[in-house]
Structures are given as structure tokens and as C-alpha cells.
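Notes follow once the structure below has been shown.
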Amino acid sequence: MALAEAPFREAAAREGEPGVRCTHCGLPVPSGMEAGGIGEPIFCCAGCATVYGILREGGLDAYYQMAERRQAPVSATGRRFEEFDHPSYHELYVTARPDGLLETYFYLEGVACGSCVWLVERVPLLVPGMSRAELDARRARVLVVWDGASVALSSIARTLDTLGYRPHPYRGLRAEALRRSEDRAALARIGVAGAIAVNTMLAALALYSGWLTGMEPAYERYFRWISLLLVTPAMFGPGLVFFRGAWGAIRTRSLHMDLPIAIALAAGYGRGLTNTVTDSGPIYFDGVTLLIFLLLVGRFLQQRAQRAAGDSAELLYSLSPSTARVVEGETAREIPVEALLPGMIVEVRADETLPADGVVVEGRSALDLSLLTGESRLATVEMGAPVFAGTVNRGARLRMRVDRAGEATRLGRILREAEAGALRRAPVVALADRMSGAFVLAVLALALATLALWWRTSPSFAVDQAIALLIVTCPCALALATPLAVSVAIGRAARSGILVRGGAALESLARPGTIFLDKTGTVTEGRTALLSWEGPEDAKPLVLALERHSSHPLARGFEAAWAGIAAPEATEALYTAGGGLEGVVGGCRVVVGSPAFVAASAKAGAQAAESGEGTPVWVAVDGEVVGRARFGDKVRADAGESLAWLRARGFTPRLLSGDDPSVVASVGAALGFAPDACRGAATPEEKLRVVEEESRRGPVVMVGDGVNDAAAIARATVGVGVSGGAEASLAAADVYLTRPGLGSLVALVDGAQRTLHVIRRNIVFSIAYNLVGAGLAMAGLINPLLAAILMPASSMTVVLASWKSTTFETKS
Amino acid sequence: MSVLYIVLPLALLVVGVAVFAFVWAAKRGQFDDLETPAIRALHDDPAARAHEEPKSPRREKP
């Protein structure tokens with residue numbers, strides 16, 4: 001039925017609409033692709049046609065009956081994914097199951113909607129030997145289970161790729177398993193604490209009613225023992241978390257909110273226990289269980305928001321390439337980077353990242369060093385030149401011999417430095433935790449004062465009132481204030497492309513300090529582009545015609561800048577390495593290249609000397625220099641405005657770059673930096689040292705994108721990674737900006753300041769409530785019912801205030 | 001009112017069973033992914049189910 005229906009519907013669509021739509025993805029079909037008669041399937045691209053064929057053959061036509069399908073043309077990479085079959089890949093990513101099958105996780109690119117779940121989970125029907133695929137749509141992660149003896153993982157990967165879901169190895173599986181079991185335990189704790197809190201409150205309701213209207217002592221005793229029976233598992237199950245936290249804080253002599261919480265819980269439980277056994281005085285079990293439940297919920301929410309941001313950052317991390325193309329004889333084979341050994345010959349194509357340190361053995365190209373060193377100018381390499389892992393090939397295909405791989409590379413050393421930097425960083429103590437020390441002292445002092453005040457009247461009444469004070473001043477609202485405000489802020493930030501991996505980072509960002517900015521890729525766009533052109537319009541087609549014959553990055557720069565201009569055909573094009581191009585276009589002899597190269601072939605009178613920012617390129621037509629272009633790294637459009645905003649808020653932005661000092665100075669001057677606030681030619685080690693020095697004086701924010709920034713990012717009070725950066729900087733950063741430009745940094749700082757404002761307001765609320773509670777207890781007016789009303793009331797105020805807060809509002 | 005002595009422990013027993021069931025489900029990862037199963041339920045068709053491995057455990061501990 002489905003076989004006939006899909007094309008039929010397509011035919012109907014063809015009559016109804018002017019544009020023909022693809023049978024597979026439903027997008028308009030380009031005019032050149034139309035083929036076949038009415039009723040025949042039609043496709044927008046070869047990828048969609050392949051998928052249609054596979055699905056029909058595999059009996060999965062039901063896909064075309066789904067109302068909501070992925071509206072994107074299928075773009076398969078056509079890669080072989082041979083690296084997935086390599087033993088070292090299996091060692092790293094594949095687990096053997098008890099039933100003899102193998103399993104692994106992939107991140108899938110292109111998972112967009114419900115139909116993807118359907119399709120991906122039916123891939124086992126298409127690949128014999130594959131037994132299961134289970135997709136987690138939110139994380140775009142699929143669990144693949146297959147029989148290692150009858151099918152190779154690469155063939156599963158190829159099928160996924162053909163269907164338009166490009167698989168990536170899923171890194172950090174171990175950390176993920178750990179976090180998952182933590183999450184599950186937290187959820188179980190909340191469930192237990194919630195059920196107990198509700199039931200204890202029901203028992204308390206009976207007791208309070210009896211208290212107001214009269215109750216037989218036998219029943220009262222019964223309900224008190226029932227309450228004790230309920231509260232005990234809550235204290236020694238879910239509630240144990242707070243005692244562990246408090247004990248840890250005491251042992252390390254650090255401050256933590258768990259300490260005052262543990263004191264209140266212990267006081268309430270201990271007093272309730274003795275009062276139940278001796279059958280006298282109030283019990284506070286309802287308050288204690290509710291406290292445990294609310295605090296656990298607050299913590300869980302904060303953790304979840306941070307996890308979600310962390311997950312997204314990890315996804316980006318997993319998308320970075322992890323394979324190298326090893327050349328063996330005449331053929332190239334892909335293997336995981338982890339399996340590279342010194343002596344191997346590796347092929348690196350244009351726009352690929354070099355996988356190891358080594359020496360060029362074949363080819364000539366230009367390398368983009370910006371992620372490794374911050375250098376914005378491309379470096380030309382040829383036979384025998386040393387090259388480093390982490391740099392990007394921007395020119396033609398290269399072959400290199402691996403000298404050092406993995407940890408031994410310069411990149412590996414920098415990464416280790418980053419890890420060490422992260423360890424040296426002083427932990428940020430959250431505002432609420434910092435207050436906890438003074439809080440504990442104040443509460444204990446007040447409790448003692450209450451005891452002294454009432455001792456002469458009645459020792460047992462004095463003890464009851466002192467205990468009541470400890471319980472009502474339990475910093476429940478205070479402990480909820482920060483987690484809630486932070487979790488709401490992190491969730492909203494993620495929606496505007498800012499991934500925050502810890503609440504402490506937000507608090508630190510709110511306080512003005514020094515902001516170190518990497519230049520290449522952060523303040524500037526990080527790629528070579530045409531900055532200026534002096535010359536006639538009619539020279540442009542001639543240049544373009546010639547540049548078509550080159551794969552040099554500057555040629556692409558011309559093409560990108562003059563995209564709309566049609567170019568004629570060039571003949572006799574000749575490329576001179578390190579010089580430029582020459583050729584004949586429309587009967588004119590055209591030369592494009594470095595000033596020296598062009599001047600040499602031009603008639604007398606041309607001066608090759610030139611100074612200024614960027615790389616100069618001259619154009620000569622028939623021996624006459626007619627045009628002068630400049631190439632360089634463009635400053636981002638929003639940089640000036642963003643820096644002005646940061647300065648107005650009291651921050652001190654400074655440039656810290658590995659690029660040439662003269663380039664850094666000229667960019668800095670254009671953006672209003674004082675000359676001493678710009679620093680160039682900084683090695684990764686120097687960046688780390690500068691950040692370390694400065695962080696002794698105050699909070700330091702490091703914003704960067706490169707591997708060379710990773711150590712400094714890890715060491716700074718708050719490290720910020722920028723879109724398009726290296727995975728090392730991404731892994732080290734507390735905050736990751738997924739949108740390019742410094743506008744996101746402004747949104748981040750602004751949001752952080754608003755969040756701190758909300759936290760402060762919440763803290764004021766809860767302290768005010770605690771003062772009222774303490775005052776009532778000291779005056780001898782408190783009782784369990786009043787405490788049970790006051791406590792949730794204060795927590796609700798904080799919850800509502802956090803939910804209504806306007807942190808990280810999208811301004812656009 | 002002495003019925004309370006029987007009914008209340010019974011009620012608590014029921015709560016205990018429910019809490020145990022929740023903890024069991026949470027620890028087995030039933031709440032790990034709250035979005036995909038909802039989508040999956042919409043698409044599950046009997047024809048495709050027949051192809052799946054018989055009595056496969058839906059989800060196991062990592």
C-alpha cells in the first residue's frame with residue numbers, strides 16, 4: 001500500500017504547486033533534476049534518491065506515510081569509516097556485552113525530528129548482523145548493538161551516513177556513565193524524600209487538628225510514633241547527603257551551605273526523637289522531611305541545567321575530527337588518531353587538521369597556525385618543513401611523516417599544561433556558601449542566647465525554644481536561592497547559545513575584573529579575507545579568472561569577496577611558489593601576487609615596498625600595476641561596541657595574543673586599547689603566566705578559541721571558549737559561546753550580573769524570614785505549626801522570585 | 001477509631017511499595033530519556049516489531 005501511495009501523493013503535489021517537491025525530503029526539486037513521468041518518484045539530489053531506494057528495498061516505505069519528516073536534503077559524506085574497525089578504536093569505544101554482541105555509542109549529526117527516531121531505530125532491518133539501534137533524540141546519541149562476527153561497524157556507520165545521519169564516535173563515555181548513575185541516585189532520593197514528606201505532613205495534620213480540637217493521648221502517641229517511623233528513613237536515606245557534605249566541609253575547613261542545614265536537621269530530628277520517646281514537648285518531623293525534600297529538588301534542578309549545557313558542549317567536542325588518513329603503498333586508509341605511530345605517512349587534505357607532529361614529505365601548502373599559536377598569517381610549508389598537530393591545512397593536499405603522535409606532540413604538551421592549570425585554580429566559593437560560616441555562628445549564638453534567656457523560667461522550655469530556633473532558621477530558602485536562580489539562568493543562557501557549565505562561573509563573571517581576549521578568532525574573524533581593494537572595477541574579473549586556477553587561500557579570499565562577479569576564461573596560467581600567478585585573460589597578460597613578484601614582471605616604476613596591516617597583493621595588467629589588495633584577519637563587526645560596553649561596566653579588557661606584536665598593536669589601537677593593554681607574540685606558557693599573575697590581583701576572565709589559549713582558559717577564574725575554536729579550549733572552558741562575535745560575551749556578562757542580582761534578592765528574602773523566625777523563637781512564641789507554615793512559605797517566595805527573574809533575556 | 005491501628009500501617013505499606021517501585025525504575029534508567037520514548041510510541045508499528053529480536057530487554061544498566 002505504501003509502495004503506491006508515496007509517489008501518488010507526490011504527483012498530486014506536482015499538480016497543486018508550481019514547484020516540484022522531492023519524494024524523500026519534500027523540498028523543492030531544482031529544475032535540472034526533473035526526470036520521469038507523472039507518478040514516478042522524483043528527487044532533489046542523489047542522496048535522497050539513494051535513501052529512497054534503500055528504504056524501499058528494506059521494506060521501510062512506511063517512512064513516507066509519516067506526517068512529520070525531516071525537511072533536509074540527504075547529504076551523505078560517502079566516507080568509508082574504516083577507522084571504526086581498527087583495534088584501537090574498539091579498545092576505546094566498543095564494549096562487549098554479556099550476550100556476546102558488541103555495543104557502542106555514536107553521536108549522530110542531522111537528528112531533527114520524530115521521523116529520525118523511527119528511521120534510525122529501523123536501521124537493523126537494513127543491516128544484517130546489527131541487532132539494535134536505540135536513539136536518544138534529545139542528545140542525538142544512538143546505542144548500536146551488533147554481532148562482531150557477521151558485520152563490521154564501518155558498514156553500519158556507512159548505512160547511517162547514507163541515510164543522512166553522519167556518525168561520530170562518542171567520547172567521554174566513562175564520565176557519562178558516572179554522571180548518569182549520579183543522576184539516577186539523585187532522582188531516587190527525591191522520590192523517597194517526597195513520599196515521606198507528604199505522608200509525614202498527613203500525620204502532622206492529624207496532630208495539629210488534635211492539638212486544636214482535642215485528641216485522645218493514645219492516638220496522639222500513635223501518630224507521633226508513626227511520624228518517627230517515617231522520618232527516620234528520610235534522615236538516614238536521602239538526608240544523609242547533607243551530613244556527608246557538612247562533614248566534608250568540616251574536614252577540609254571550607255565553607256558550605258550543608259553545614260547549617262545539617263545542624264538544623266540534626267537538632268530537629270534529635271529533639272523530636274527524645275520528645276517522642278519521653279512523650280513530651282513538640283516534634284518537628286514534618287518540617288524536617290519537607291526541608292530534605294525541597295533542598296534535594298533545588299540541587300537536582302541546578303545539576304540538570306548544568307548537565308544540559310555540558311552535554312551540548314560535549315556534542316560539539318565529539319564533532320571534531322578524530323581520524324587520520326594513513327598512506328600505505330598506493331592507498332590511503334583511515335585510522336583513529338589514537339592509533340598513529342611515529343614513522344607512518346599521513347595524508348592531510350585541504351581544510352583538514354594535522355593529526356600529529358612531523359615533517360612534510362610531499363606537497364606544498366599553506367598552514368593556518370592560529371589555533372595552535374595565535375599567528376594570523378598563513379605559513380607556507382613544503383618538503384622537509386616541520387609541521388605540528390592542531391594546525392589546519394588551508395591549501396593543497398600534503399603528505400607528512402609522523403614524528404611524534406598523541407601525548408608527545410606539542411599539542412599534547414599544551415593540553416597537559418591546561419590540565420595542570422585547571423588543578424592550580426582556586427575554587428570559587430559561591431556567595432551562599434561564603435555566607436554559611438557567619439550564618440552558623442550567628443544561629444548558634446542566638447540559640448545560646450535563647451537558652452540563657454529562658455533557663456530561669458524553665459530549663460525544658462528553654463531547650464525547646466533553642467531547638468525551635470535552630471530549626472526555623474534552617475537556611476532552606478538560602479540554600480535554594482542560589483541553585484534555583486542559577487538553574488533558571490543556565491537554561492535561558494543555553495537558549496541564546498551560551499553554554500554555562502557551572503554556577504560559580506556566573507557569580508564570578510558578575511564581578512568586574514580583567515578580561516583577557518585572544519585576538520585571532522576571538523576579536524577578529526580568524527580567517528584570511530580581503531580587507532581593501534584599490535583599483536578599477538574591470539580588473540576584478542581578470543583577477544578572478546586567474547585565481548580560479550589556484551587553491552591558495554588568498555585565491556579563495558578573492559572569490560569570497562567578489563562572489564557576484566562573472567569571470568572569463570584564463571589561459572597559460574602559471575603558479576610560482578611564494579610569488580603569485582600569471583596568465584592570459586581575454587588577450588591581456590595578468591599578474592597577481594606579492595608586490596615583489598608583480599613588480600619584477602611589471603614595467604619600471606613599480607615600488608615593491610609597502611607597509612601596513614595584512615598581506616599585500618598586487619595586480620598588474622599588461623605590465624602596468626593597476627590594483628592593490630590587502631588581505632588580513634578582519635576585526636569582528638560587533639567588537640568595538642562590545643568592548644565599550646564592557647569598559648562601561650567596569651571591566652578592563654586586554655589583548656593577549658600569540659600573533660605578531662605589530663598586528664596585535666594595530667588591531668588594539670583600532671579598538672581603543674591602550675598600548676600596554678595589548679600583548680603579542682605570547683606563547684601558551686606566557687599566556688598562562690600572565691593570567692596566573694593577574695588572578696592574584698582579582699578575578700580574571702580569559703576568552704579564547706585556540707589550543708594556545710587552553711591552559712590560560714583553564715587557569716583563569718572564568719574561562720570562556722569561543723565558537724569555532726579548538727576542542728582543547730572547549731574542554732577547558734567554563735562557558736562556551738556557540739555564536740560568533742563578542743556580542744555573546746556581552747550577553748553573558750549582562751546575564752551573569754542579573755543572575756547575581758536575583759541571588760542577592762533571594763538571600764535578602766530568606767534572611768528576613770530567618771530574622772522573623774529567630775525573633776519569634778527568642779520571644780518564646782514559636783511552635784511546630786508556625787514553623788511548618790513559615791518554612792515552605794519562605795521557600796516558595798524564593799522559587800517564585802527565581803522563576804520570574806529576567807536573566808539572559810534575548811534582546812533581538 | 002481503633003481501625004487506625006490497621007489502616008495506617010496498611011497505607012504506609014502501599015506507600016512503601018510505590019516508593020520502592022519508583023526507586024527501582026529510577027535506578028534502572030527509566031527516567032534517563034523522557035522525550036524519545038514518547039516519539040517512539042507514535043511510530044511503533046506491528047510490522048516492524050516482528051522483525052525485532054524476540055523478548056529483547058528494552059534497556060539495561062550501563
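Where a number appears in this text, it was derived from the coordinates with a stated rule and is not lab data. The model shown is predicted, which means the values in this text are computed figures rather than measured ones. Reconstructed Cβ throughout: ideal geometry from the backbone, glycine too, with neighbour counts over all protein chains shown.
Miscellaneous remarks
- Taken one residue at a time, the phi angles of segment A:188-198 give Karplus couplings (6.51, -1.76, 1.60, θ = phi - 60°) of 4, 4, 4, x, 4, 4, x, 4, 5, 4, 4 Hz. Gly and Pro are set to x.
- Part-to-part distance (alpha-carbon centres) for segment A:467-498 and segment A:371-394, which is given in Å: 48
- Segment A:94-232: radius of gyration over Cα atoms, expressed as a fraction of 2.2 N^0.38 Å: 1.81
- Local electrostatic count, A:I335, Cβ distance below 11 Å [Lys/Arg +1, Asp/Glu -1]: -4
- Per-residue average of Cβ from other chains inside 10 Å of A:226-239: 1
- Anisotropy class assigned to segment A:564-605 is prolate, per the alpha carbon gyration tensor with a/c at or over the 1.5 cut-off and a/b larger than b/c.
- Between segment A:93-123 and segment A:135-186, the alpha-carbon centres lie 5 Å apart.
- For segment A:385-393, putting each phi into the Karplus relation 6.51 cos²θ - 1.76 cosθ + 1.60 with θ = phi - 60° gives couplings of 6, x, 10, 10, 4, x, 8, 10, 7 Hz, in residue order, rounded to whole numbers and with x for Gly and Pro.
- Counts of other chain beta carbons within 10 angstrom of each beta carbon in peptide B:13-22 average 3.
- Residues whose placed amide H lies under 5 Å from that of A:T524, excluding near-sequence neighbours: A:R636
- J(HN,Hα) series, segment B:10-17, from Karplus relation 6.51 cos²θ - 1.76 cosθ + 1.60, nearest Hz, glycine and proline x: 4, 4, 5, 4, 4, 4, x, 4
- Sequence of A:L367, A:L212, A:L265, A:L228 once ranked by neighbouring C-beta atoms within 10 Å, starting from the fewest: A:L212, A:L228, A:L367, A:L265
- Three-way shape label, segment A:643-695, alpha-carbon gyration tensor, a/c 1.5: oblate
- For the Cα trace of segment A:496-538, dividing Rg by the Kirkwood Rh returns an Rg/Rh value of 1.27.
- Normalised by the number of residues in chain A, the average gap of Cα pairs under 8 Å and 6 or more apart makes the relative contact order 11 percent.
- Fraction of beta bridges assigned by DSSP in the protein assembly as shown that are antiparallel (%, nearest 5): 80
- Mean-position separation - Cα centroids, segment B:5-30 and segment A:222-265, in angstrom: 22
- Lys, Arg +1 and Asp, Glu -1 on Cβ, resulting dipole of segment A:673-764 about Cα centre, debye, nearest 20: 460
- Neighbourhood charge, 12 Å Cβ-Cβ cut-off, centred on A:D183 and excluding it, Lys, Arg +1 and Asp, Glu -1: +3
- Farthest towards the positive end of the charge dipole of segment A:173-267, among the residues A:A203, A:A267, A:A185, is the Cα of A:A185, using unit charges on the Cβ of Lys, Arg, Asp and Glu.
- The loop-placed trypsin sites (Lys or Arg not before Pro) in segment A:433-494, going by DSSP, that have at most 14 neighbouring Cβ atoms within 10 Å of their Cβ come out as A:R456.
- Backbone amide hydrogens, once placed in the peptide plane, bring A:E109 within less than 5 Å of A:R166, A:H168, excluding anything fewer than 5 places away on its chain.
- Amide H contacts for A:R589 (H built 1.01 Å from N in the peptide plane; partners 5 or more residues away or on another chain; cut-off under 5 Å): A:D622.
- Relative contact order computed over segment A:45-174 (Cα-Cα under 8 Å; 6+ residues apart), in percent: 32
- Estimated FRET transfer efficiency (A:T77, A:A674; beta-carbon r; R0 41 Å; 0.05): 0.30
- Charging the Cβ of each Asp and Glu at -1 and of each Lys and Arg at +1, and nothing else, the dipole of segment A:579-707 about its Cα centre rounds to 260 debye.
- Net charge dipole, segment A:122-177: roughly 200 debye, given to the nearest 20, about the Cα centre with Cβ charges of +1 for Lys and Arg and -1 for Asp and Glu.
- Once Rg and the Kirkwood radius are both taken over the C-alpha atoms of the protein assembly as shown, their ratio Rg/Rh works out to 1.05.
- Net charge over other residues, Cβ less than 11 angstrom from the Cβ of A:V241 (K, R count +1; D, E count -1): +2
- From its DSSP helices (H runs of at least four residues, each -39,500 (n - 2.57)), chain A gives a residue-normalised ellipticity at 222 nm of -16000 deg cm²/dmol.
- In terms of surrounding Cβ atoms within a 10 Å radius of their Cβ, A:R180, A:R654, A:R251 rank from fewest to most as A:R251, A:R180, A:R654.
- Computed from Cα atoms, the angle from the helix A:46-57 axis to the main principal axis of chain A rounds to 60 degrees.
- Virtual spin-label span in nm between A:Y219 and A:V277, 7 Å along Cα→Cβ: 2.8
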